[in-house]
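Asker: Got a structure for you, written out below as structure tokens; questions coming shortly.
None of the figures in this text is laboratory data; all of them are computed from the coordinates on show. Treat the numbers as computed from the prediction; the structure is a model and nothing was measured. Cβ atoms come from the backbone with ideal geometry, glycine included; neighbour counts cover every protein chain shown.
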Amino acid sequence: MKQKRALITGLTGQDGSYLAELLLDKGYKVYGMVRRSSLERFDRIKHLLDRIHLVQGDLTDQSSLDEAVKRTQPDEVYNLAAQSFVPTSWNQPVLTGEVTGLGVTRMLEAVRRYKRDAKFYQASSSEMFGKVHQSPQNEQTSFYPRSPYGVAKVHGHMITVNYRESYRLFACSGILFNHESPRRGLEFVTRKITYGVAKIKLGLAKELRLGNLSARRDWGFAGDYVEAMWLMLQQDRPDDYVIATGESHSVQDVVNKAFTAAELDPKAYVVVDQALFRPAEVENLIGDASKARRVLGWHPRTSFGELIDTMVKADLHYLGNLSSPLPSTIVGEEGDMPSDSSHP
Ligand code: NAP
Ligand code: G4F
């Protein structure tokens, strides 16, 4: 049987790395799109580099996307690339619209022009529900995004639906709720907490500054969620699916779980910093993935407790084995963020 080819945008990100592993295990020839930067950002995929094929491209540059699709002739395209950090989307709203919104249109155009029969996956987001109209949220719930990122994702979602209907492309959107792992970026709240806990435990930090502790999310494990992406493209017809655990927890719950895993008392270390609150917050997300369960046979395998425990252990292991001092920090809109991007 002919070896299937997959093209992943956002290969160097959290989900790109897990999806590449899954597709390689399934025998795919995997092409990954990477953009040029002055420093290589291959931390998450260094263990895969001898098995994947890199193609250069950027979601803001149509010709590079056309060329990537023309050259690789993929059977499946997974569009995971995005400016994905919500606070940055207030700071760089136009860039976020270009990459996270219009970038999807550019990718769909490349597929339509150069590999029309390729199956296309779009990384939609529960951030589209924003100020929620119903709970739990499912595929019928209306959108009310609360950030430039959420607005851009609504564009990406709707243009995917539109290309499916206009051109009969096999185009699917996965509306994924928050999913985390030891490879999560250090700026997102779960990893900020588990990394911060590990630093405190090892005597490398004295406090952890956080914003809104009462916000609630439906958090799952990224490794479980990339399987749902693949399953969507194995169906007979294209459709959209919510992917979630169906459980919601507060940021305070993550704090409690992570500090307990390291046998520390959060009250002694957590500082609430008003500067870390968002101009408009998404207060409460909880997903209803019953369609994915019914049609795809997908269900999450990792519990909230296991996820946070694993992340704390991984960060303790990583920081405990560092041979050089921690890198200096830069001040970002979410406070002091380590400038390294270390991924166990
Ligand atoms: P991530 O770790 O932030 O990765 C984002 C990826 O996009 C990186 O590989 C990044 O490349 C790439 N990228 C950024 N700008 C680009 C551009 N202009 N051209 C080409 N590539 C670009 O995100 P993730 O957590 O893996 O999420 C994957 C996708 O799912 C994103 O679209 C995200 O918005 C969406 N999503 C995520 C979640 C979640 O909870 N994780 C939930 C719902 C939806 P560099 O390494 O070069 O920066
Ligand atoms: O971890 P977060 O930054 O993730 P957020 O904003 O929910 O977005 C993530 O999930 C989306 C899916 O719903 C993706 F589409 C998106 O790409 C990204 O992966 O923040 C979660 C919550 C927020 O309510 C925030 O206000 O945590 C709260 N929070 C409290 N203190 C904090 C902090 N968030 C961050 N990043 N840093 C804090 O210090």
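Asker: Which residue out of 188, 177, 221 is within 14 Å of ligand 2 (Cβ to nearest atom) and under 20 Å from residue 276 (Cβ atoms)? Break it down into steps so the answer makes sense when it comes.
Answerer: On the way: 177 fails: under 20 Å from residue 276 (Cβ atoms); 221 fails: under 20 Å from residue 276 (Cβ atoms).
The conditions single out 188.
Asker: Can you find a residue in the stretch 295-314 that is of a type outside the set (A, V, I, L, M) and under 24 Å from residue 145 (Cα atoms)? Outline the logic, then answer.
Answerer: Our first condition is that a residue be of a type outside the set (A, V, I, L, M); within the stretch 295-314, this holds for 297-306, 309-310, 313.
Then drop every residue that is not under 24 Å from residue 145 (Cα atoms), which leaves none.
Among the residues of the stretch 295-314, not one is of a type outside the set (A, V, I, L, M) and under 24 Å from residue 145 (Cα atoms), which makes the answer no.
Asker: So in the stretch 285-302, with the set limited to residues that are touching a residue at least 12 places away in the same chain (Cβ under 8 Å) and away from ligand 1 (no atom under 16 Å from the Cβ), which one is surrounded by the fewest Cβ atoms within 10 Å (Cβ to Cβ)?
Answerer: Residues of the stretch 285-302 touching a residue at least 12 places away in the same chain (Cβ under 8 Å): 285-292, 295-298, 300-302.
Filter once more, keeping what is away from ligand 1 (no atom under 16 Å from the Cβ): 290-291, 295-297, 301.
On the way: 290: 14, 291: 17, 295: 14, 296: 20, 297: 8, 301: 11.
Residue satisfying both the conditions and the ranking: 297.
Asker: Can you say whether residue 153 is touching a residue at least 12 places away in the same chain (Cβ under 8 Å) and surrounded by fewer than 24 Cβ atoms within 10 Å (Cβ to Cβ), as far as the supplied structure shows? Walk me through it before giving the result.
Answerer: Working: touching a residue at least 12 places away in the same chain (Cβ under 8 Å): yes; surrounded by fewer than 24 Cβ atoms within 10 Å (Cβ to Cβ): no.
Answer is no for this residue.
Asker: Checking residue 136 against (1) surrounded by fewer than 20 Cβ atoms within 10 Å (Cβ to Cβ); (2) away from ligand 2 (no atom under 13 Å from the Cβ), only one condition comes out false. Which one?
Answerer: (1)
Asker: When you go through 220, 203, 196 one by one, which is the residue that is surrounded by 23 or more Cβ atoms within 10 Å (Cβ to Cβ), away from ligand 1 (no atom under 14 Å from the Cβ) and not aliphatic (A, V, I, L, M)? Walk me through how you get there before you give the answer.
Answerer: Details: 220 fails: away from ligand 1 (no atom under 14 Å from the Cβ); 203 fails: surrounded by 23 or more Cβ atoms within 10 Å (Cβ to Cβ).
None of the other options fit; the residue is 196.
Asker: State yes or no: is residue 12 surrounded by fewer than 20 Cβ atoms within 10 Å (Cβ to Cβ) and within 13 Å of ligand 1 (Cβ to nearest atom)? Even if it seems obvious, please write down each step before you answer.
Answerer: Working: surrounded by fewer than 20 Cβ atoms within 10 Å (Cβ to Cβ): no; within 13 Å of ligand 1 (Cβ to nearest atom): yes.
When the stated conditions are applied, residue 12 does not pass them.
Asker: Return yes or no: is residue 233 more than 15 Å from ligand 2 (Cβ to nearest atom) and within 30 Å of residue 291 (Cα to Cα)? Step through it out loud before you land on a result.
Answerer: Values: more than 15 Å from ligand 2 (Cβ to nearest atom): yes; within 30 Å of residue 291 (Cα to Cα): yes.
When the stated conditions are applied, residue 233 passes them.
Asker: Considering only residues that are outside any strand (DSSP E or B), among the polar types (S, T, N, Q) and under 20 Å from residue 76 (Cβ atoms), which ones fall in the stretch 109-149?
Answerer: First pass over the stretch 109-149, keeping only residues outside any strand (DSSP E or B): 109-118, 126-136, 138-149.
Applying the additional criterion that residues be among the polar types (S, T, N, Q) yields 126, 134-135, 138, 140-142, 147.
Result: no residue meets the conditions.
Asker: In the stretch 19-31, which residues are surrounded by 23 or more Cβ atoms within 10 Å (Cβ to Cβ) and either more than 20 Å from residue 115 (Cα to Cα) or within 16 Å of the chain's Cα centre (by Cα) (or both)?
Answerer: Across the stretch 19-31, the qualifying residues are 19, 20.
Asker: Moving on. Which of (1) in a strand (DSSP E or B); (2) small (Gly, Ala, Ser); (3) surrounded by fewer than 22 Cβ atoms within 10 Å (Cβ to Cβ) does residue 166 not meet, given it meets every other one?
Answerer: All conditions are met except number (1).
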